[in-house]
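I have placed the structure first, in the form of structure tokens, so that the comments after it can refer back to it.
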Amino acid sequence: MYNINSIRNDFPILHQKIHNHDLVYFDNAATTQKPQQVIDAIVHSYTKTNSNIHRGIHTLSQLSTNMYEKARKQVQQFIHAPKSEEIIFTKGVTESINLIAHSFGEAFIKAGDEIIISAMEHHSNMVPWHMLCERKQATLRFIPFNSDGVLDIEAFKNSISEKTKLVSIVHISNSLGTVNPISEIIEIAHSHGIPVCIDGAQSIQHTPIDVQALDCDFFVFSGHKMYAPTGIGVLWGKESWLEKMPPYQGGGDMIETVTLEKITYNTLPFKFEAGTSNYVGAHALGVAIDYIQHIGIQHIETHEHSLMEYATSKLQNIEGLSIIGNAPKKAGAISFKVQGAHPADIGQILDKKGIAIRTGTHCTEPVMQFFNIPGTARMSFGMYNTISEIDYCCDVLNKVTRMFL
Ligand code: PMP
């Protein structure tokens, strides 16, 4: 049984009034709220175990190190990675992709090569590749999408050549909600010997991930979008790639030995974790994973799917409102526009009613350019959202849209 009341009770932030209305938090694609268990884990770390990891022989340092390494194993198990050494802790998706763009780019990209991404990528999965291509005089190619927000797989096939060195694709679009056919994309790319990176920022919290079943080469995600704190994220990569990639940043922990003449690098995963890691965040990420697993990611997926279906049909019936992105398979987020209104106006009016949605380009400016709009209003769901919150939001939207007709 999916006990929504007990789940909601675990999230203290939800139980407050905003402008004298019960908070309705529909901005989960930007960041999720944290359950008390995660908040307690952070407090516990700083009140009982805090000490820098990997370098101390005293008790607290060992405790702290064990908690950090336990979290790595939890992540490994959560995404079904073959080895915990393949789990690199980062700040989040942005840092993970910059790391790959830098290190994979150093090792494998040369002038004339090509990288393929899609035109619906978050800027985090676009700008680092642009920068790499500029540095290396390589070319960035884009898989187009249609007006429903569906990728053109034939165009993808046609854009592949012997120059293609990497494909990097968002699993679920943060602005359109499209669930991309990543298994098919990975299979096509692999049939040409091309590795694939998956941006899982909007999928890790909504659907089970098995990197071995997917057979992708890299999978990245952020803790803060899966009920864990900000400042912690993950890069998973196949050992065979990570071993061949040079370090991203230099500093403590990523070295084996340092002399004034020569530096040798540490083994995986430490080679990619320079400096003091966010070990408190990693531990709290492990607790967030426990929390998700306790509820069951499949149950969360089913619950959120019903929210998506319900909200879609209700929004479709609001005069003057149109949904942007109508892919047959969607998850997490619904973008829409209101005739005659700027998205920011919608966001402001909803805020006065206690409803938090996000408005703007959602860091996907090319998507907005494609639809020729300044931005969208976006509702995005988490495990604690309810049908009655959608009813309330749609009632408000019904009145709002009439104001602009
Ligand atoms: N990719 C996608 C699809 C996203 O939704 C986001 C966050 N909005 C990111 C990348 C970047 O994540 P972060 O800011 O946590 O690094």
* Within the range 3-43, track down each residue that is surrounded by 14 or more Cβ atoms within 10 Å (Cβ to Cβ) and assigned to a loop (DSSP other than H, G, I, E, B). => Asp10, Phe11, Leu23, Phe26, Asn28, Ala29, Ala30, Thr31, Thr32, Gln33, Lys34, Pro35
* To do: Select, from Gly382, Gly360, Gly332, Gly340, the only residue that is in the same structural domain as Ser306 (by TED's automatic domain parsing), more than 30 Å from Asn5 (Cβ to Cβ) and under 20 Å from the mean Cα position of the chain (by Cα).
  => Gly360
* Go through the range 68-88 and count every residue that is under 27 Å from Gly56 (Cβ atoms) and either in a helix (DSSP H, G or I) or without any contact (Cβ under 8 Å) to a residue 60 or more places away in the chain (or both). => 13
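Out of all the residues in the range 289-304, is one or more in a loop (DSSP other than H, G, I, E, B) and at pLDDT 95 or above? It would help to see each step written out before you state the result.
We begin by selecting, within the range 289-304, every residue in a loop (DSSP other than H, G, I, E, B); these are 296.
From what is left, the residues that are at pLDDT 95 or above are 296.
Looking for residues that are in a loop (DSSP other than H, G, I, E, B) and at pLDDT 95 or above, one finds at least one in the range 289-304, hence yes.
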* Structure fact -> All-but-one check, Thr230 against (1) under 16 Å from the mean Cα position of the chain (by Cα); (2) not in a loop (DSSP other than H, G, I, E, B); (3) not acidic (Asp, Glu), failing number (2)
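Considering only residues that are closer than 21 Å to Asn52 by Cα and surrounded by fewer than 13 Cβ atoms within 10 Å (Cβ to Cβ), look in the range 228-283 and name the one that is nearest to the ligand (Cβ to nearest atom). Break it down stepwise before answering.
First, the residues of the range 228-283 that are closer than 21 Å to Asn52 by Cα: 228-234, 249-258, 265-283.
With surrounded by fewer than 13 Cβ atoms within 10 Å (Cβ to Cβ) added as a condition, the list becomes 250-251, 256-258, 267, 275.
On the way: Gly250: 22, Gly251: 21, Glu256: 29, Thr257: 33, Val258: 31, Thr267: 26, Gly275: 18 Å.
Here the residue is Gly275.
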* Structure fact -> Flagged pairs (Cβ under 8 angstrom, 6 or more apart or on separate chains; first in the range 318-335, hydroxyl-bearing (Ser, Thr, Tyr); second outside any strand (DSSP E or B)) are Ser322/Gln339; Ser335/Ser175; Ser335/Leu176; Ser335/Gly177; Ser335/Gly325; Ser335/His362
* To do: Tell me which of these Gly340 doesn't satisfy, since it passes every other one: (1) surrounded by 13 or more Cβ atoms within 10 Å (Cβ to Cβ); (2) in contact (Cβ under 8 Å) with a residue 24 or more places away in the chain; (3) under 24 Å from Thr364 (Cα atoms).
  => (1)
* Could you please let me know if Asn66 is closer than 30 Å to Gly251 by Cβ and in contact with a helix residue (DSSP H, G or I) (Cβ under 7 Å, 6 or more places away or on another chain)? => no
* If you go through the range 294-313 one residue at a time, do you hit one that is farther than 27 Å from Lys17 by Cα, surrounded by 18 or more Cβ atoms within 10 Å (Cβ to Cβ) and in contact with a strand residue (DSSP E or B) (Cβ under 7 Å, 6 or more places away or on another chain)? -> no
* Would you mind finding the one in Glu154, Glu106 that is free of Cβ contacts under 8 Å to residues at least 24 places away in the same chain and either assigned by TED's automatic domain parsing to the domain that holds Asp210 or over 21 Å from Lys238 (Cβ atoms) (or both)? => Glu154
* **Given (1) more than 30 Å from Phe104 (Cα to Cα); (2) in a helix (DSSP H, G or I); (3) charged (D, E, K, R), number of the condition Lys337 does not satisfy** => (2)
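Where in the range 89-183 are the strands (runs of 3 or more DSSP E), entirely inside, with at least 2 residues that are within 11 Å of the ligand (Cβ to nearest atom)?
Details: elements: 114-118, 139-143, 164-170.
Per the criteria, 164-170.
Can you tell me which residue within the range 69-88, out of those that are small (Gly, Ala, Ser) and closer than 18 Å to Thr267 by Cα, is farthest from the ligand (Cβ to nearest atom)? Give the steps one after another, and end with the answer.
The first filter runs over the range 69-88 and keeps only residues small (Gly, Ala, Ser), leaving 71, 81, 84.
From the residues that got through so far, the ones that are closer than 18 Å to Thr267 by Cα too are 81, 84.
Details: Ala81: 20, Ser84: 22 Å.
Once the filter is applied, the top-ranked residue is Ser84.
The values are calculated or read from the model by the stated rules, or taken from the named source; none is laboratory data. Keep in mind that this is a model prediction, so the values were computed, not measured. Positions of Cβ are backbone-derived with ideal geometry, glycine not excepted, and every protein chain shown enters the neighbour counts.
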